[in-house]
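The values are calculated or read from the model by the stated rules, or taken from the named source; none is laboratory data. Everything numeric in this text was worked out from a predicted model, so none of it was measured. As a convention, Cβ positions derive from the backbone with ideal geometry for all residues, glycine included, and neighbour counts pool all protein chains shown.
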């Protein structure tokens, strides 16, 4: 099966991107690292596209050969019927490399890392929003309590005088 050969490199790339997220630590993204990750992703996706193209070319070659053999076997009805069935079966094949675009492993492999990074970005943003709100609330509570303590200390000092 070819799908794991497409999935695994992109899965590893996804884990690398997620691991370097600022959600876990304050990592930087040097241009060289971004370039290496982009080249690796392009290589995996390019291989998947070339695989699909090669499979389509092979199918066309097989169909052309079967059509030619069908014409050579005109004298026998059974042979012609067999070639017609083979041609129809090959033309209607919708699995593996001939699956529809939405079922192709390289499309899913592209969507998976994108979705994972997108969800991580949304989660990080929500975490920052709620964490920042909690920190701001605590800071305001501390300032309010300090202000109240100073006010009460001032009132005590005035009553003593």
Discussion item. I'd like the full set of residues that are closer than 17 Å to residue 108 by Cα, at pLDDT below 80 and not in a loop (DSSP other than H, G, I, E, B), limited to the range 1-22.
Written reply: 3, 4, 5, 6, 7, 8, 9, 10, 11, 14
Practice prompt. Report yes if residue 37 is over 17 Å from the mean Cα position of the chain (by Cα), surrounded by 12 or more Cβ atoms within 10 Å (Cβ to Cβ) and farther than 16 Å from residue 5 by Cβ, otherwise no.
Written response: no
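So that you can scan it fast, the table gives a plain yes or no per residue for (1) touching a helix residue (DSSP H, G or I) at 6+ places or on another chain (Cβ under 9 Å); (2) assigned to a helix (DSSP H, G or I); (3) closer than 30 Å to residue 9 by Cα; (4) modelled with pLDDT under 75:
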site	(1), (2), (3), (4)
53	no, yes, yes, no
69	yes, yes, no, no
74	yes, no, no, yes
86	yes, yes, no, no
119	no, yes, yes, no
Worksheet item: Hey, residue 49 hits all of (1) over 20 Å from the mean Cα position of the chain (by Cα); (2) closer than 30 Å to residue 88 by Cβ; (3) surrounded by fewer than 15 Cβ atoms within 10 Å (Cβ to Cβ) but one; which does it fall short on?
Response: (1)
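In the range 23-40, what residues are in a loop (DSSP other than H, G, I, E, B) and touching a helix residue (DSSP H, G or I) at 6+ places or on another chain (Cβ under 7 Å)?
From the range 23-40, those in a loop (DSSP other than H, G, I, E, B) are 23-30; that's our starting set.
Selection gives 23 alone.
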